[in-house]
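Here the structure comes first, spelled out in structure tokens, and everything after it is commentary.
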Amino acid sequence: MTEPADSGPGGVNVSPTGWALLGLLSSGDELSGYDIKKWINWAIRYFYSSPAYSQIYSELKRLERHGMVSSRVDDGVRNRRMYKITPEGLAAVTRWANDEPVEPPALKHNPVLRVMLGHLAEPGRLREILTAHADYAEQMYQSVAREVRWTADQPAWAYARLALRWSEQYYASEHERALQMIKDLDAVEETFGESAQQEVQFPVREYWYEVERRMVAEDDADGSAAPG
């Protein structure tokens, strides 16, 4: 699936991954694709999806074609290609960071989606899913907490550390929410079990539209009651 894009110099569409790569290069240091992937794994992956090597290299080539990065082959042992941001690329990513609208995050929470469809799950399956998610969140929390400690001594990493501290708090909260949801399953399963025994069916579409009408009426009533 193609990522949405914002405009770079000359109206060139730059993907979110492209902006992230330009941001990593904005320090002015030369980086290889391997270096960039390492930086992403050290920090960005805790709050933004981590692109594969193939995507990183294809984005770098595209940015180079449009004059936002330059590259050279390092004559070292591995003959690595090193990438450096150009003045045009720095101007573009600076404009993007300051002027482009910031879209709200798109949450796709697969464990919670499974809970939403829990009526299809076999006994014990939701606990397995949520336990695995709690373990994942705990692992991510421990990992990002280590990164927070290691960024403390570098003033230039102050903003990166702030993002990592947010990630640390996020995964701690995610772990707690997963554990709480596991505890809440007992009451939910009891309620659903009682409904099943009474042969209660899922609400039909007419019911959902009636609920929607009631919510609209409630919003209208709240709006008319608000002081002018």
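The values are calculated or read from the model by the stated rules, or taken from the named source; none is laboratory data. This is a predicted model, so every value here is computed, not measured. FYI the Cβ positions are ideal-geometry reconstructions off the backbone, even for glycines, and counts take in every protein chain you see. All accessible areas refer to the heavy atoms of the entire protein, side chains included, with ligands and DNA or RNA removed. Shrake-Rupley method; radii C 1.70, N 1.55, O 1.52, S 1.80 Å.
In table form, for the structure just shown:
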read-out: Long-range neighbours under 6 Å by Cβ, at least six apart or interchain, first residue in contact (Cβ under 8 Å) with a residue 12 or more places away in the chain and open to solvent by 100 Å² or more (accessible area, probe 1.4 Å) within the stretch 152-171, second among the small types (Gly, Ala, Ser) and not in a helix (DSSP H, G or I); value: none
read-out: Subset of the stretch 82-93 [surrounded by fewer than 17 Cβ atoms within 10 Å (Cβ to Cβ) and either on the phi > 0 side of the Ramachandran plot or not in a helix (DSSP H, G or I) (or both)]; value: MET82, LYS84
read-out: Count of residues meeting criterion [open to solvent by less than 80 Å² (accessible area, probe 1.4 Å), closer than 22 Å to VAL12 by Cα and not in a loop (DSSP other than H, G, I, E, B)] in the stretch 42-73; value: 11
read-out: Matching residues in the stretch 139-151 - criterion: being open to solvent by 60 Å² or more (accessible area, probe 1.4 Å) and farther than 30 Å from GLY28 by Cβ; value: GLN139, TYR141, GLN142
read-out: Odd one out for TRP96, checked against (1) under 15 Å from TRP42 (Cα atoms); (2) open to solvent by less than 100 Å² (accessible area, probe 1.4 Å); (3) aromatic (Phe, Trp, Tyr); value: (1)
read-out: Filtered residues of the stretch 100-126 (kept if open to solvent by 70 Å² or more (accessible area, probe 1.4 Å) and within 26 Å of TYR46 (Cβ to Cβ)); value: PRO101, VAL102, GLU103, PRO104, PRO105, ALA106, LEU107, LYS108, ASN110, LEU113, ARG114, MET116
read-out: Residues satisfying the stated conditions in the stretch 10-41, i.e. open to solvent by 60 Å² or more (accessible area, probe 1.4 Å) and touching a Phe, Trp or Tyr at 6+ places or on another chain (Cβ under 9 Å); value: TYR34
read-out: Output for the stretch 37-71, where each listed residue is within 18 Å of LEU90 (Cα to Cα) and in contact (Cβ under 8 Å) with a residue 40 or more places away in the chain; value: GLU59, ARG62, LEU63, HIS66, GLY67, MET68, VAL69
read-out: Selection status of PRO227, more than 27 Å from ARG127 (Cα to Cα), assigned to a loop (DSSP other than H, G, I, E, B) and modelled with pLDDT under 90; value: yes
read-out: In the stretch 185-208, residue modelled with the lowest pLDDT [restricted to those that are over 18 Å from ARG125 (Cα atoms) and in a helix (DSSP H, G or I)]; value: GLN197
